[in-house]
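Following: one structure in structure tokens, then a few remarks.
The values are calculated or read from the model by the stated rules, or taken from the named source; none is laboratory data. Not measured: the values here are computed from a predicted model. With ideal geometry, Cβ positions are generated from the backbone for all residues, glycine too; neighbour counts draw on all protein chains shown. All accessible areas refer to the heavy atoms of the entire protein, side chains included, with ligands and DNA or RNA removed. Shrake-Rupley method; radii C 1.70, N 1.55, O 1.52, S 1.80 Å.
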Amino acid sequence: MMGGKSSNRQLYMSAAVDGLNYQQCVQLAEMAERALLHALIAPESSRLEKPAPSSPVLEPFTLLAALSASTSTIGLIAEVHSAFYEPFHAARKLAALDYMSSGRAGCLTLPGQEAAAANFGRVSKEQLRPHGYEASAAVEFAEAMQQLWDSWDDDALIYDKQAGMQFDEAKVREVNYTGRYYSTRGPLNIARPPQGHPPIVVPIRTQDDKLAAARVADVMIIEPNSLEEAIELSLELRELLRQQGRQPEQGRILASLTPIAVTAGSISEVDLRLGTVGGGGKTARGRLCCAGTAEEIADWIQLWHHSGAVDGFHIQPPLQAALDSFGYFAEQVIPELQRRGMFRQTGSSSTSLREQLGLSRPINQFHVIR
Amino acid sequence: MISAKRSMHINLFLMNTGHHEASWRHPATDPRRITDLNYYRELGRIAERGKLDSLFLADTLVLPPTVEHKVLHGLEPFTLLSAIAAVTDKIGLIGTASTTFNDPFHIARKFASLDWISAGRAGWNIVTTASESAAYNFTDAALPPHDERYRKASEFVEVVKALWDSWEDDALVADKESGLYADMAKIHPLDHKGEHFAVRGPLNMPRSPQGHPLLVQAGSSEDGKSFAAMVAEAVFTAQPTFESGQAFYADIKSRMKPFGRSPDELCILPGFFPIIGDTLAEAQDKQRELDELTIVAYGLKRLSTLFKVDLTDCPLDEPVPLHLLPRQEEINGNRGRFELVEGMARKEKLTLRQLIMRTAGSRGHASLTGTPLQIADELERWFLGRAADGFNLMPSHMPDGLSDFVDKVIPELQNRGLFRTEYTGNTLREHYGFSRPAGKRKLEAHT
Ligand SMILES: Cc1cc2nc3c(=O)[nH]c(=O)nc-3n(C[C@H](O)[C@H](O)[C@H](O)COP(=O)(O)O)c2cc1C
């Protein structure tokens, strides 16, 4: 163990909630909420994986909306594949989710797998991802959504029963967003969401992702092979953020991590195959794994967090026995981190995901002009 | 011939603070709750107490021009229905989704997902979207013409059903021992290439509990009625009178045969807008209270939108200026409702103010202000007289209008043996008495 030195920096934690079994998703969500994790991320898939299908997932918006009814504080982040989606639909569903969950919605954007194009009638590659799509799609998609959210002022709804006025017309506007790939007129048919803008999460896989994230991401998820790589990557990301005139703390960096429990005498076949017991490293599936006892995993997390490379972790349970594995993390590793003063011991007083992530509430972009 | 006894079906048309356009101004409603999940939890519980078949969320893809004085739809159907699924047990969950501004793959996936989450309670109200301004939220091209939208809708539904059927019922194996998750021999791509869509498939989700979520439709034009006769299992419609209801009923059912369908494979559910009082006088007081809150400026905007002509400067107490209205064929939007409201004004020689008031609550649907007995009588008359297989209940204001119906009218219908006293099934299809559509079988293997 690495001694009791505690850091003042907050450690942020999210976890994947996936699979087809809704009751298991509820169990995982409740477990994550008890462990005071900041958010759940529901992954999306736009096609059936072949030849060996991985477990299909419920559709993120329907799943998270249902989970909003059985949880009360944890963030609910939906993965959206921008190549197959409309900003108007996404902005609206996120706003609805944000209202129902009292400010807990978020959006992870990815372009979507090329192989899924055939499910949406985008026959040619050029149609799916025209030249330059990658670089600007995430930016355009996020910008269009943010403009739609800002098409209403926060105080536009007045509900004056006496006067019979629902809202102040001067405070609702068309946005006429016209990008290269998306256009939408607005206004949105739902008022500005409680968080103003539900946070945007961008996974960093390519150079294009980095540039897009620097402009629009509130949270970035990296998939490094080693601590050295993580340090290098986060230096680069923070520099890119700065170049966009943004502060480093406006873009939280989480490393994707698969923790694998090794309790005395219970080293499973998987753990041995991974060969990562007692340390961290990348597996054959390309996932960063860390296998060990709760203390060893906490050591490892502490090392990474103290290095300053990351603000936290996105926990992706191994494909097999996801619930058990997550249970171990939530019930053994998190308490160990809490004992060390590294992870919060009480929930936030606010339900807003932005606030829990230490992100400020964005002012309405159309206000500056008026 | 022995035929199973018909029983009435009731869907709750759930709309923000209620169906009366002034409901949000009523002292007993709270418009701020329309984005609050707890509000819908309460309404869902009341509806389940009444053993209603289903609840329905309408949807539009544009901010209505009349919103200044009228409450929004509120939340988005997929997200709200999924959340309601988590806080209810039995009631069916029907949501609107447009075939003009969505991808079939997304819609197949979202309804299948809702069907899994709700354990078989999902239903789809298929609409072609009549709003011309909705188009501009998705593209810079105008709304496609009426017949084109219905052609696209037919292909859309065909693709969605094929996606739902792309997994055989037993394709999911999930055998932990052998590591076989799905039997790929039982999962089939579509390779659909049609006039509007190219969709390879298969869906990335097993066949859902109902096989096909219930298909609902609400078109009233010629195109709309034929489409309903071809694909729908329930039809929402606005019928102002018993006679028009009977005619519509006979019309739709007679259109089914050419598609190889029997009339009892489809439920016709006209909208019904009741205002309920223990005495007639009390009911009338309730109605007056709501009508007096109606805003004429809003009514003018609403009728102007429907009639596609600016009526805002027309004198209120003179007959509706019918000569200013476009011809019905020129309407690319909601043609069915145009015909209905225009007909009402013409036949009854209404003034503009009268037409505004007449359509303020029911928007042209059947309505009755009266005692629980009177209301039950009227529903029974429509039901037995084959003007309806059930109703699309439109409470005037929420939650009171709903709980009045559930606590006062439902018991009366139950006493008469017209409506269930307990849920006998678990899925939405079972509530409506429909079987689960057979899935794909490897027919080739047997021939
Ligand atoms: C009870 C009822 C509910 C409806 N709900 C919707 C809806 O949610 N969204 C929508 O765009 N249209 C809705 N409509 C309109 C119909 O889909 C259809 O456009 C309209 O009845 C006109 O039919 P037509 O296009 O065949 O003329 C509804 C109609 C009725 C009667």
| remark: Taking first residues from segment B:219-243 that are in a helix (DSSP H, G or I) and second residues anywhere that are open to solvent by less than 10 Å² (accessible area, probe 1.4 Å) and polar (S, T, N, Q), the pairs with Cβ under 7 Å that are 6 or more apart or on different chains are B:Phe227/B:Gln217; B:Ala228/B:Gln217; B:Val231/B:Gln217
| If you go through segment B:290-300 one residue at a time, do you hit one that is away from chain A (no Cβ under 14 Å), over 19 Å from B:Gly224 (Cβ atoms), buried (at least 19 other Cβ atoms within 10 Å of the Cβ) and more than 16 Å from the ligand (Cβ to nearest atom)? | no
| message | Being touching a residue at least 60 places away in the same chain (Cβ under 8 Å), out of contact with any Ser or Thr (no Cβ under 7 Å at 6 or more places or on another chain) and assigned to a loop (DSSP other than H, G, I, E, B) narrows it down to one residue among B:Leu61, B:Leu52, B:Leu72; which is it? | response | B:Leu52
| note | Restricting segment B:72-88 to residues that are touching a helix residue (DSSP H, G or I) at 6+ places or on another chain (Cβ under 7 Å) and more than 7 Å from chain A (Cβ to nearest Cβ), the one farthest from B:Asp53 (Cα to Cα) turns out to be B:Gly74
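Condition (residue is under 22 Å from the mean Cα position of the chain (by Cα) and open to solvent by 50 Å² or more (accessible area, probe 1.4 Å)) applied to segment B:313-330: is it met by at least one residue?
No, there is no match, as no residue in segment B:313-330 is under 22 Å from the mean Cα position of the chain (by Cα) and open to solvent by 50 Å² or more (accessible area, probe 1.4 Å).
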| task | Name every residue in segment B:1-55 that is within 16 Å of the ligand (Cβ to nearest atom) and either among the hydrophobic types (A, V, I, L, M, F, W, C) or closer than 15 Å to B:Gly390 by Cα (or both), in order of residue number. | result | B:His9, B:Ile10, B:Asn11, B:Leu12, B:Phe13, B:Leu14, B:Met15, B:Ile34, B:Leu52, B:Asp53, B:Ser54, B:Leu55
| Single residue of B:Gly425, B:Gly433, B:Gly439 found to be free of Cβ contacts under 8 Å to residues at least 12 places away in the same chain and surrounded by fewer than 22 Cβ atoms within 10 Å (Cβ to Cβ) | B:Gly425
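Residue check: is B:Leu63 under 24 Å from B:Leu293 (Cα atoms) and either of a type outside the set (Lys, Arg) or open to solvent by 10 Å² or more (accessible area, probe 1.4 Å) (or both)?
Criteria met by B:Leu63.
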| query | Just one of the numbered conditions (1) farther than 24 Å from B:Phe56 by Cβ; (2) of a type in the set (Val, Ile, Thr); (3) within 16 Å of the ligand (Cβ to nearest atom) is not true of B:Thr237; which one? | reply | (1)
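The rows are residues; the columns are (1) at pLDDT below 90; (2) away from the ligand (no atom under 16 Å from the Cβ); (3) of a type in the set (Ser, Thr, Tyr); (4) open to solvent by 20 Å² or more (accessible area, probe 1.4 Å).
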residue	(1), (2), (3), (4)
B:Ala122	no, no, no, no
B:Ser131	yes, no, yes, yes
B:Ala134	no, no, no, no
B:Asp140	yes, yes, no, yes
B:Pro145	no, no, no, yes
B:Arg151	no, no, no, yes
B:Phe156	no, no, no, no
B:Asp170	no, yes, no, yes
| message | Suppose we keep only residues that are polar (S, T, N, Q) and part of a strand (DSSP E or B) within segment B:204-218. Which one would you say is farthest from B:Ser98 (Cα to Cα)? | response | B:Ser208
| message | If I filter segment A:18-29 down to residues being within 13 Å of chain B (Cβ to nearest Cβ) and touching a strand residue (DSSP E or B) at 6+ places or on another chain (Cβ under 9 Å), which single residue comes out as surrounded by the fewest Cβ atoms within 10 Å (Cβ to Cβ)? | response | A:Leu20
| What single numbered condition from (1) assigned to a loop (DSSP other than H, G, I, E, B); (2) open to solvent by less than 40 Å² (accessible area, probe 1.4 Å); (3) within 16 Å of the ligand (Cβ to nearest atom) fails to hold for B:Gly201? | (3)
| task | Being farther than 30 Å from A:Ala116 by Cα, in a helix (DSSP H, G or I) and touching an Asp or Glu at 6+ places or on another chain (Cβ under 9 Å) is the filter here, so list the residues in segment A:21-45 that pass it. | result | A:Met31, A:Arg34
| query | Does B:Ser166 fit the bill of being within 16 Å of the ligand (Cβ to nearest atom) and either within 17 Å of A:Gly121 (Cβ to Cβ) or surrounded by fewer than 21 Cβ atoms within 10 Å (Cβ to Cβ) (or both)? | reply | no
| field | Failed item, numbered, when A:Gly103 is tested on (1) in a helix (DSSP H, G or I); (2) open to solvent by less than 10 Å² (accessible area, probe 1.4 Å) | value | (1)
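Mind checking which residues of segment B:21-33 are out of contact with any His (no Cβ under 6 Å at 6 or more places or on another chain) and more than 9 Å from chain A (Cβ to nearest Cβ)?
Within segment B:21-33, B:Glu21, B:Ala28, B:Arg33 qualify.
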| field | Residue count, segment B:112-123 (criterion: in a helix (DSSP H, G or I) and more than 9 Å from chain A (Cβ to nearest Cβ)) | value | 1
| message | For the condition surrounded by fewer than 20 Cβ atoms within 10 Å (Cβ to Cβ), free of Cβ contacts under 8 Å to residues at least 24 places away in the same chain and either within 16 Å of the ligand (Cβ to nearest atom) or within 14 Å of another protein chain (Cβ to nearest Cβ) (or both), what is the one hit in B:Gly343, B:Gly333? | response | B:Gly343
| Test for B:Leu280: is it away from the ligand (no atom under 16 Å from the Cβ) and at pLDDT below 95 | no
| query | All but one of (1) of a type outside the set (A, V, I, L, M); (2) in contact with a Lys or Arg (Cβ under 8 Å, 6 or more places away or on another chain); (3) within 16 Å of the ligand (Cβ to nearest atom) hold for B:His192; which doesn't? | reply | (3)
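Could you tell me which of the residues A:Arg180, A:Arg192 is within 14 Å of chain B (Cβ to nearest Cβ), part of a loop (DSSP other than H, G, I, E, B) and surrounded by fewer than 16 Cβ atoms within 10 Å (Cβ to Cβ)?
Residue meeting the stated conditions: A:Arg180.
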| remark: Of those in segment B:89-109 that are open to solvent by 10 Å² or more (accessible area, probe 1.4 Å) and closer than 20 Å to B:Ser166 by Cα, the residue nearest to the other protein chains (Cβ to nearest Cβ) is B:Asp103
| query | Out of B:Ala85, B:Ala58, B:Ala112, which single residue is more than 15 Å from the ligand (Cβ to nearest atom), closer than 30 Å to B:Gly333 by Cα and in contact with a strand residue (DSSP E or B) (Cβ under 7 Å, 6 or more places away or on another chain)? | reply | B:Ala112
| field | Unique match (being among the small types (Gly, Ala, Ser), away from the ligand (no atom under 16 Å from the Cβ), over 25 Å from B:Arg41 (Cα atoms) and in contact with a helix residue (DSSP H, G or I) (Cβ under 8 Å, 6 or more places away or on another chain)) among B:Ala366, B:Ala360, B:Ala388 | value | B:Ala360
